[in-house]
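Quick notes on the structure that follows.
The values are calculated or read from the model by the stated rules, or taken from the named source; none is laboratory data. These numbers were taken from a predicted model, which means no experiment stands behind them. Ideal geometry is used to build each Cβ from the backbone, glycine not excepted, and the neighbour counts take in all protein chains shown. Quick note on the areas: whole protein, heavy atoms, side chains included, nothing else; ligands and nucleic acids left out. Shrake-Rupley method; radii C 1.70, N 1.55, O 1.52, S 1.80 Å.
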Amino acid sequence: MPGGICASSNILALDQAAVRCAELVLDIRGNKFTVNLGGCAKARFMEIEDLDQATLLDPGTELTVEWETAVFYGTDPILGPVHAYLRPPSAIPRRPKSSVFSLAAREPSEAPAAAPGGFFPAVNRNYFDFRVRMPRVGVVLDSREPVVNSARITTIPPMSVEYKLDAPVEFEINRSRSSPIGGAVTSALTGKIVLESCRVKLMELEGLKCDIRLVSSDWDTSVFEVEVLNQSTEDNVTVTWMMWPRPEEEAPDSEGVLQLGRDPVKLRLSIPRDLFYRERWLAISLTKPFETEAAFAGRFPALG
């Protein structure tokens, strides 16, 4: 699901992560649900530590990509909150490796736009095993086969490049839990659940202005005031925000969804103080309309 490898340590200060948005279409027993998610992910190239495009590897080179983490969040009017995240490699069968491979030295039919002697264009193909959690309907879903997406890219990181699903993927219920809205919806989910399509992209940190201010902090809770302003090309947008890196356990005010017009919107976040034993960021991605570009990432202020 994460689209766009971002594996250079100097690309973003989000610990080699990047802000993303995704648009999923789920087919649940013939009923289609379109869910918009925002998130962050972290990856690295296995063969090299830093990627300098000025001295990028030779035409025809293939780089192996290791995805270390990816987390997405969004909401749906019926399904409620939707969480999607990578499953640990120890829990799944061996899968093909994600990679970025140069088309420049391949057959002309494969790379008609290849520049002589250059690495690009290239194809980034990723293999993921995802878990999707929907607490309102009381289910946790696992992909039965890898979720595979790919895109033709001309830069690394491939900002604003749309990654698409190579083929639909069936999900199965890992476990059911009690549902706040009763058993009817949960029972409906026991049928075939298919991720029918998925669009994902990496976004430049622009189009959203955000100020984060520490209001108070005691031994238990830190309170922040966050003001978000939509400076994108659209007058009305949906954005998703989340704390990054994600808390090891669920925490209050660590994620959410906002509707923005042109006026600034304020949030007041009360977050457990002990989460700030390490540096945390606030990542915000414009998720709807999917085609509109806007994202923000900023550190939470020091507690003092």
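For segment 217-231, in order, what is each residue's ³J(HN,Hα) by Karplus, 6.51 cos²θ - 1.76 cosθ + 1.60 with θ = phi - 60°, in whole Hz (x at glycine and Pro)?
Result, rounded to whole Hz: 7, 10, 5, 10, 9, 10, 10, 10, 10, 10, 10, 10, 10, 7, 10.
To the nearest 10 square angstrom, how much accessible area does SER90 have with a 1.4 angstrom probe?
That residue has around 110 Å² of solvent-accessible surface.
What is the sum of charges around ILE212, taking Lys and Arg as +1, Asp and Glu as -1, for the other residues whose C-beta is under 14 Å from the C-beta of ILE212? Please report the intermediate quantities before stating the final value.
Numbers: positive: LYS209, ARG213, LYS266, ARG268, ARG280, ARG299; negative: ASP211, GLU225, GLU227, ASP253, GLU279.
Here the charged neighbours net out to +1.
Which of the aspartates and glutamates could be linked to LYS164 by a straight reach, that is with a Cα gap under 18 Å, when you skip same-chain ones fewer than 8 residues away?
Here the aspartates and glutamates satisfying the reach criterion relative to LYS164 are GLU23, ASP27, ASP129, GLU145, GLU196, GLU291, GLU293.
Report MET46's accessible area, 1.4 Å probe, all protein chains in place, as a number in Å² to the nearest 10.
90 Å²
Given axes a ≥ b ≥ c from the Cα gyration tensor, I'd like to know whether segment 185-304 is rounded (a/c under 1.5), prolate (a/b larger than b/c) or oblate.
Working: a/c = 2.14, a/b = 1.26, b/c = 1.70.
Note, shape of segment 185-304 comes out oblate.
When Lys and Arg each count +1 and Asp and Glu each count -1, what net charge do the other residues less than 9 Å away from LEU269, Cβ to Cβ, add up to?
Details: positive: ARG268; negative: GLU225, ASP253.
Charge balance in the 9 Å sphere: -1.
When Lys and Arg each count +1 and Asp and Glu each count -1, what net charge do the other residues less than 9 Å away from LEU195, Cβ to Cβ, add up to?
Counting the neighbours of LEU195, the net charge comes to -3.
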